[in-house]
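In what follows, a structure is listed as structure tokens, so that the remarks can point back to it.
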Amino acid sequence: ASSTAAINPLKIKGAKFFDSVTGEQFFIKGVAYQPSGPNGSIIDPLADPTTCKRDIEYFTDLGLNTIRVYQVDNTLNHDECMNALADKGIYLVLDLSTPKYSINRKDPRYDVEILNHYKKTADAFAGYPNVIGFFAGNEVVNNVNATHAAPFVKASIRDLKAHMKTKTRHIPIGYSTNDAAETRVQCADYFNCGEEADRVDFYGYNIYSWCGDDATFVSSQYYERTQQFSTYSAPVFLSEFGCNTNGVRSFHQVKAIFGPDMDTVFSGGIVYEYTEEKNNYGLVTITDGEVTKRQCYQNLKTELESVDPTKLTMSSYSSSLQPSQCPAIGADWNASTKIPPTPSEELCSEMYNSLECVLNEKTDPSAYGTLYGYVASKGISSADVDENGTTGTYGKYAGCSPAQRLSYMLNQYYLESHKKPTSCNFDGKANIVTPTGKSPSTS
């Protein structure tokens, strides 16, 4: 990934973004950009120069300086689109997770496969000066029942921050949250507490509470959120906004976001979303490659033209804001402050190479759960491969891939069955192998 464009990277100081060269404060005026492919399929919009160059004209017309993209293909080339965006002064906020590689709030795990995918995506975009930052999670902790997933997301933030420190530019890592009343304060505090190495570099807030023409800064609860984040030590912006429950969107909240009500606390916001999809949030409709502006497009453009947030300069700004206090575990919060260790490919390979009974490579992952359940029901302990974000206990192989973890369990069963050949078959889903290495030390 290489850049030819003349655009200045941003720099975080305290709770603000600044242009690293001019020192002027930067406010995100953005839109979510994830047009779907044929039959609603996911496509990488930054690897399709024809499409992205067409849409950049509209971003510029709207007066935007940022897009948020949720999913890309890290094996493709993004130079042309990223340089075209940079030429127009447009930055990118990119999500690293995908449906396949993400922390599942129902059964939260963080392993070598997820970390490797995040790193590959970050590496593919590390060379572009117009990347504002990467989200290591979007709305994972979306209610009280999902709070035990927070330590896994936080561990991924820590590991991505460490990874970016090996690069020429330390691109910041953040988290994007939903507006859940019972967890929003604890969630914000959790991701901004503890060691600097573990904390978010920035925080995104997805909020849809400003609905209809009668809504105000106070009635929409934007006032409460501004109060909440007024003492937050990392930059915060609205990573999605734009309620659509009251017909055509007028976007009156833009005056609050980019005006004196909020511009001292929030660093702008990102409208959801550019293209009209099934959920009816589009600023434009695209049919056979032709773009048609909807009424809300013009409304947003008019509102953005009318605002001029007060900008600070990096040299004159200093922040005395302190990191948050970690929330205590209680009725509304079940996340331990002890987060999982960095998944180690070396440790996992060493463990796997010491096994005598392993999963057949052709076994479909959909069968893993049944196999796991079967050997567990036979009394095989899963302590070494299990992890628990509430108690903060993580087995030594918990960060290994699903296939490695299951092979470890199958091998335990095989050994406890005195290596009977029939105890390592499972209808051809497992097979006996000769170990190629010694078992890792149990330290």
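The values are calculated or read from the model by the stated rules, or taken from the named source; none is laboratory data. Remember, predicted model here, so these are calculated numbers, not experimental data. A quick note on method: Cβ atoms are made from the backbone with ideal geometry, for glycine too, and the neighbour counts reach across all protein chains shown.
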Only unsatisfied item for Thr245, checking (1) surrounded by fewer than 18 Cβ atoms within 10 Å (Cβ to Cβ); (2) more than 29 Å from Gln322 (Cβ to Cβ); (3) touching a Lys or Arg at 6+ places or on another chain (Cβ under 7 Å), is (3)
| request: Would you confirm whether any residue within the stretch 168-182 is acidic (Asp, Glu), touching a residue at least 12 places away in the same chain (Cβ under 8 Å), surrounded by fewer than 19 Cβ atoms within 10 Å (Cβ to Cβ) and assigned by the TED database to the domain that holds Ala256? | output: yes
| query | Taking the stated definitions as given, is Asp384 exposed (fewer than 15 other Cβ atoms within 10 Å of the Cβ) and either in contact (Cβ under 8 Å) with a residue 24 or more places away in the chain or not in a helix (DSSP H, G or I) (or both)? | reply | no
* **Flag if Tyr297 is in contact with a Leu (Cβ under 9 Å, 6 or more places away or on another chain) and surrounded by 15 or more Cβ atoms within 10 Å (Cβ to Cβ)** => yes
Subset of the stretch 332-364, residues over 26 Å from the mean Cα position of the chain (by Cα), assigned to a loop (DSSP other than H, G, I, E, B) and aliphatic (A, V, I, L, M), comes to Leu355
- prompt: Does Tyr352 qualify as being within 26 Å of Asn104 (Cα to Cα) and either surrounded by fewer than 17 Cβ atoms within 10 Å (Cβ to Cβ) or not small (Gly, Ala, Ser) (or both)?
  reply: yes
Ala430 meets each of (1) surrounded by 15 or more Cβ atoms within 10 Å (Cβ to Cβ); (2) closer than 23 Å to Tyr110 by Cβ; (3) hydrophobic (A, V, I, L, M, F, W, C) with one exception, condition (2)
The condition from (1) in contact with a Lys or Arg (Cβ under 7 Å, 6 or more places away or on another chain); (2) buried (at least 17 other Cβ atoms within 10 Å of the Cβ) that Tyr317 misses is numbered (2)
request  = Output yes when any residue across the stretch 369-380 is part of a helix (DSSP H, G or I), in contact (Cβ under 8 Å) with a residue 40 or more places away in the chain and more than 14 Å from Leu355 (Cα to Cα), and no when none is.
outcome  = yes
Within the stretch 310-330, of all residues that are touching a Gly at 6+ places or on another chain (Cβ under 8 Å) and either among the small types (Gly, Ala, Ser) or in the same structural domain as Met262 (by the TED database) (or both), the one nearest to Gly242 (Cα to Cα) is Ser319
Restricted to the stretch 42-68 and to residues being surrounded by fewer than 18 Cβ atoms within 10 Å (Cβ to Cβ) and within 22 Å of the chain's Cα centre (by Cα), the residue modelled with the lowest pLDDT is Ile42
Any residue at all in the stretch 187-204 that's more than 19 Å from the chain's Cα centre (by Cα), in a loop (DSSP other than H, G, I, E, B) and aliphatic (A, V, I, L, M)?
no
Listed by first then second residue, the pairs whose first member lies in the stretch 110-135 and is over 29 Å from Thr393 (Cβ atoms), whose partner is among the aromatic types (Phe, Trp, Tyr) and assigned to a helix (DSSP H, G or I), with beta carbons under 6 Å and at least 6 positions apart or on separate chains, are Val131/Phe125
